[in-house]
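K.L.:
Can you keep this structure in mind? I'll have questions shortly.
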Amino acid sequence: DQHMYKGATATPEFDAATGFLYTLSTDGHLNCWNTRQAGKKVWGLNLYDQFKIPRRPQVTKKRGTRRDYGYTTAPLVFRDWVLGEAGSTKHGNVIAFDKRTGRTVWASQNKDPAGHAGGLAPMTVEGVPCVTVLTALNLVVTRLDGAKAGKEVARHPWVTDFINNIATPAVAGNRVIVTSRYNVQSAALLEISLRKGAREVWRIREASGVCSPVIFENHFYWANKGLYCFDLASGKRRWMGGRYSDAGSCLVTADGRLLIWANSGDLSLAETAKRSPGKATILQEKRGVFHGMAWP
């Protein structure tokens, strides 16, 4: 919540081609550091200052739900650009910068205020490279190809109290899973096409508040008030188990298992549906690795 925590919330992005590391602070400082020269600063800018970003607006009718947690969405390197969700209602929601100089290259057609998601999700739609972002108002898919870079491919309304569009969309081919809690309290699978935009395939009354869904072999998972497994095609829940609070995140390991970071710094290893199709199987747990809420 506002004023309760300190430090950056956006994950750094590393570019192996240049050795550059990109960081984005809560207060809008986008910096580029050269890891091959002892972390020497290459360039930097401030999104708030450069694009005159105001405080995030009230997005629902519920009173007392206006929030602004600062910048949370991790930058993303794509080819010669580093992309950032600036959330400029004048210039564009997503801004592409030259990854070597910080020069603005293009801005997205969509001009929504920024959401509070963890990251931009790259995807390919009918052979065209795109990027997906959960803004304050919509799930938006934007093209990344040549002269059409920045053009909006799809938009699907997704508005959550407090702008708590937090979980990063999960991508599988031309399909995207989006979820949030509060007034929405649901998850949906969207199919994206260049001509028709976004089509909702299914929607379920299950939701993750902060943990981004992860997709693995026709199932998807999240760790939010338990570890959940769902069928990707139908959205039907396969199983739920474990003891996890609101704070949690998970990822799939190289050998097809789930690594869960949750509660007050608890680390767990669990099976996916590949080895445990009928129930949640927690293989190992280590409690209190860190002492503090394990927000993703």
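Where a number appears in this text, it was derived from the coordinates with a stated rule and is not lab data. Quick caveat: nothing in here was measured; it's all calculated off a predicted structure. FYI the Cβ positions are ideal-geometry reconstructions off the backbone, even for glycines, and counts take in every protein chain you see.
K.L.:
For R238, which sequence-distant residues (separation of 5 or more, or a different chain) have an amide H within less than 5 Å of its own amide H, given hydrogens modelled in the peptide plane?
P.N.:
Result for R238 returns C229, F230, D231.
K.L.:
What shape does segment 1-146 take by its C-alpha gyration tensor, where a ≥ b ≥ c are the square roots of the eigenvalues and a/c under 1.5 counts as rounded, a/b above b/c as prolate, and the rest as oblate?
P.N.:
Working: a/c = 1.91, a/b = 1.26, b/c = 1.52.
It comes out oblate by the Cα gyration axes.
K.L.:
With no solvent and one point per C-alpha, what does the Debye sum give as log10 I(q)/I(0) for the chain at q = 0.10 Å⁻¹?
P.N.:
Reported log10 I(q)/I(0), two decimals: -0.54.
K.L.:
Next question. May I ask you to order 51-59, 226-234, 158-166 by the average number of other C-beta atoms within 10 Å around their residues, highest value first? Before the final figure, lay out the partial values.
P.N.:
Values: 51-59: 15.8, 226-234: 19.0, 158-166: 22.9.
The densest-packed peptide leads the list: 158-166, 226-234, 51-59.
K.L.:
Could you bin all the Cα-Cα distances of segment 216-268 into 10 Å bins starting at 0 and give me the percent of pairs in each, rounded to whole numbers?
P.N.:
Binned Cα distances yield the sequence 26, 53, 20, 1.
K.L.:
Residues with amide H under 5 Å of K111's amide H, sequence separation 5 or more or different chain, H placed in the peptide plane at 1.01 Å from N; which?
P.N.:
Distant-sequence amide H within range of K111: N93.
K.L.:
Considering the dipole of the chain built from charges on the beta carbon (Lys and Arg +1, Asp and Glu -1) around the Cα centre, which of L76, P57, L259 is farthest to its positive end?
P.N.:
P57
K.L.:
Can you tell me, using C-alpha contacts under 8 Å and at least 6 residues apart, the relative contact order of the chain as a whole percent?
P.N.:
Details: 813 pairs, mean separation 26.4, N = 296.
Reported as a whole number, the value is 9 percent.
K.L.:
Determine ³J(HN,Hα), in whole Hz, for all residues of segment 117-131 in sequence, where each value follows from phi through the Karplus function 6.51 cos²θ - 1.76 cosθ + 1.60 and θ = phi - 60°; x replaces Gly and Pro.
P.N.:
6, x, x, 8, 10, x, 8, 10, 10, 6, x, 9, x, 9, 9
K.L.:
Further question: Per residue of segment 186-192, in order, report the coupling 6.51 cos²θ - 1.76 cosθ + 1.60 (Karplus, θ = phi - 60°) as ³J(HN,Hα) in whole Hz, putting x for Gly and Pro.
P.N.:
7, 10, 9, 9, 10, 10, 10
K.L.:
I've got another one for you. What is the Cα centroid distance between segment 1-50 and segment 151-216, reported in whole angstrom?
P.N.:
Taking the Cα centre of each part, segment 1-50 and segment 151-216 sit 27 Å apart.
K.L.:
Could you give each residue of segment 169-182 its phi-based ³J(HN,Hα) in whole Hz, using Karplus coefficients 6.51, -1.76, 1.60 with θ = phi - 60°, and x for Gly or Pro?
P.N.:
Result, ordered by residue: x, 9, 10, 9, x, 9, 10, 9, 9, 10, 8, 7, 9, 6 Hz.
K.L.:
Measure out, as a whole number of angstrom, how far apart the alpha-carbon centroids of segment 90-113 and segment 53-72 sit.
P.N.:
When both Cα centres are located, 21 Å separates them.
K.L.:
Suppose every Lys and Arg Cβ carries +1 and every Asp and Glu Cβ carries -1, with no other charges. What dipole size does segment 1-84 come out with about its Cα centre, to the nearest 20 debye?
P.N.:
Numbers: 13 positive and 7 negative charges, 99 e Å.
Dipole of segment 1-84, to the nearest 20 debye: 480 debye.
K.L.:
Mind ordering 108-117, 181-190 by average Cβ neighbours within 10 Å, highest first?
P.N.:
Details: 108-117: 23.3, 181-190: 19.1.
Per-residue Cβ counts within 10 Å, averaged per peptide and sorted highest first, yield 108-117, 181-190.
K.L.:
Given charges of +1 on the Cβ of Lys and Arg and -1 on the Cβ of Asp and Glu, with all other atoms neutral, how large is the dipole of the chain about its Cα centre, in debye to the nearest 20? All intermediate terms of the calculation are to be shown ahead of the outcome.
P.N.:
Details: 40 positive and 24 negative charges, 104 e Å.
Its charge dipole is roughly 500 debye.
K.L.:
Using a cut-off of 10 Å between beta-carbons, work out the net charge of the residues near V201 (Lys and Arg +1, Asp and Glu -1, V201 not included).
P.N.:
So the surrounding residues net to +1.
K.L.:
Just to confirm the filter: which GluC sites (Glu not before Pro) across segment 64-158 are DSSP coil and have at most 12 other Cβ within 10 angstrom of their Cβ? Mind dumping the intermediate values first?
P.N.:
Details: sites: E85, E126, E152; in loops: E126.
Passing sites in segment 64-158 are E126.
K.L.:
Would you pull out the residues with amide H under 5 Å of N138's amide H, same chain only if 5 or more places away, H placed 1.01 Å from N?
P.N.:
Under 5 Å from the amide H of N138: W158.
K.L.:
What order do you get for 167-178, 209-220, 95-106 when each peptide is scored by the mean count of other beta carbon atoms within 10 Å, highest first? Walk me through the numbers before you get to the answer.
P.N.:
Details: 167-178: 22.0, 209-220: 19.7, 95-106: 18.1.
Ranking, from highest mean packing down: 167-178, 209-220, 95-106.
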